[in-house]
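The values are calculated or read from the model by the stated rules, or taken from the named source; none is laboratory data. These numbers come from a predicted model, not from an experiment. Here Cβ is always computed from backbone atoms with ideal geometry, including for glycine, and neighbour counts include all displayed protein chains.
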Amino acid sequence: MERRILFRLARKPAFAVLISFGLTWISAAAEDAVCGLAPSSPPNFIEPLPDAKPWSKAADRAASQERPLVLMYHDVVERSSELSTSADTTVQALRDQLSYLVNVLGYESLPIERLDAHLNGPHPRPSLPPKTLFVTFDDSYASSYRVAAPVLRDLRVHATFFINSWLIGKVSHPKKGAPKPFMSWDEARALDADPLFDVQVHGRAHPRLTTLSGQALEGEILGAKCEIESALGGPRPFLAYPYGAFNSEVKARAKKHYRLAFSVFNPAQAPDSRFNIERFPIRSRKLRDGRFEAPSRASFARQIQAWNQKRFQWTIW
């Protein structure tokens, strides 16, 4: 009799959500013990936002087909002459691109938690605006705090900074150009304290996760999470794969410890889950003389148009 009642309850959507969130909390508590942290509190239910749509399976399918724009930046330099890799961009290009998206195209900048609520929240899941912008920065560069953050504050744009726990306070020495300092823990804390920003996990030392297994892989995925949570306080439920690289083992481990995981646009691989969220890579073009050039506003506009038409390519100039 009791089993039949439980079985019937388990088929109810509300009861299923309770069970799901209960298991999430049990998993989080076990993870806290592994990390040596104080037990976390049971998660609060995410309240539906005013624009929430009535839930239905059809609405879920439609939501999964929405294409929010998730930008991926790396180092931000003051002058074009300081661009040393295709992943770098200039502070002027950063300002122009975000201003164009927000003020011209009408994108709405949102914190990454809104994407989490949209994909993971209980039904009815809050919808996203038609033009949603999420901004991310990878690799822990000090320029995120010193150069990019003032621009983001000026434009009132939210951003998530994915950092590597073993790179904090160190210096990168690229093949070309001047050394690139990584942010300090104090700078990471200052970013995290700003209501516009949050700091999340990008691993420990930025290896390609697909080359690792066993304890080495667990250290990059869970060890980094524990270290960043210990240094900054609070949970860090979002992961960005270094180089955007993952396989079935990497994704399975990410699912154990995170709520979302971010990759990089790959024309050969379709986004298939909350643990393969595509990001639009902001890249500078390499010129024939070996220098790099940030994309012009016109070329950036063409890339955004191609992205929205789902035919983005690495080199549309």
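For region 115-142, what are the residues that are touching a strand residue (DSSP E or B) at 6+ places or on another chain (Cβ under 8 Å) and not in a loop (DSSP other than H, G, I, E, B)?
Our first condition is that a residue be touching a strand residue (DSSP E or B) at 6+ places or on another chain (Cβ under 8 Å); within region 115-142, this holds for 115-116, 119-120, 129, 131-142.
Once the filter is applied, which keeps residues that are touching a strand residue (DSSP E or B) at 6+ places or on another chain (Cβ under 8 Å) and not in a loop (DSSP other than H, G, I, E, B), region 115-142 yields LEU115, ASP116, LEU119, ASN120, THR132, LEU133, PHE134, VAL135, THR136, PHE137, ASP138, TYR141.
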Residue hits (region 125-153; in contact with a Ser or Thr (Cβ under 8 Å, 6 or more places away or on another chain), closer than 27 Å to GLN305 by Cα and aliphatic (A, V, I, L, M)) are LEU133, VAL135
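Yes or no: region 140-150 includes at least one residue that is assigned by TED's automatic domain parsing to the domain that holds TYR100 and under 19 Å from TYR258 (Cβ atoms).
Initial filter on region 140-150 (assigned by TED's automatic domain parsing to the domain that holds TYR100): 140-150.
Imposing the further condition that a residue be under 19 Å from TYR258 (Cβ atoms) reduces the set to 140.
Yes, that holds for at least one residue.
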How many residues of region 211-258 are within 12 Å of ILE163 (Cα to Cα) and hydroxyl-bearing (Ser, Thr, Tyr)? The answer is 1
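Within region 152-179, can you find the residues that are assigned to a strand (DSSP E or B) and in contact with a His (Cβ under 8 Å, 6 or more places away or on another chain)? Show your work before the answer.
Of the residues in region 152-179, the ones assigned to a strand (DSSP E or B) are 159-163, 171-172.
PHE162, ILE163, listed by residue number.
Return the total of residues in region 96-114 being under 30 Å from PRO235 (Cα atoms), over 16 Å from the mean Cα position of the chain (by Cα) and part of a helix (DSSP H, G or I).
First, pick out the residues of region 96-114 that are under 30 Å from PRO235 (Cα atoms): 98, 102, 107-114.
Subsequent filtering for residues that are over 16 Å from the mean Cα position of the chain (by Cα) retains 98, 102, 107-108.
Going one step further and asking which of them are part of a helix (DSSP H, G or I), we end up with 98, 102.
Total meeting the criteria: 2.
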Scanning region 266-294 for residues that are at pLDDT below 90 and touching a Gly at 6+ places or on another chain (Cβ under 8 Å) gives ASN266
### Message
Just checking, does region 295-302 include any residue being assigned to a loop (DSSP other than H, G, I, E, B), modelled with pLDDT under 95 and either within 30 Å of GLY177 (Cα to Cα) or not assigned by TED's automatic domain parsing to the domain that holds ASP192 (or both)?
### Response
yes
Counting only helices (runs of 4 or more DSSP H) entirely within region 183-288, those with at least 2 residues that are touching a Cys at 6+ places or on another chain (Cβ under 8 Å), farther than 17 Å from GLU113 by Cβ and in the same structural domain as LEU71 (by TED's automatic domain parsing) are 224-232
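Being more than 24 Å from GLN303 (Cβ to Cβ), among the acidic types (Asp, Glu) and in contact (Cβ under 8 Å) with a residue 24 or more places away in the chain narrows it down to one of ASP96, ASP116, ASP138, so name that one. Explain how you work it out, then say what you get.
Details: ASP96 fails: more than 24 Å from GLN303 (Cβ to Cβ); ASP138 fails: more than 24 Å from GLN303 (Cβ to Cβ).
Of ASP96, ASP116, ASP138, the one residue that is more than 24 Å from GLN303 (Cβ to Cβ), among the acidic types (Asp, Glu) and in contact (Cβ under 8 Å) with a residue 24 or more places away in the chain is ASP116.
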The residue that is modelled with the lowest pLDDT, considering only those in region 157-188 that are exposed (fewer than 15 other Cβ atoms within 10 Å of the Cβ) and touching a helix residue (DSSP H, G or I) at 6+ places or on another chain (Cβ under 8 Å), is ALA178
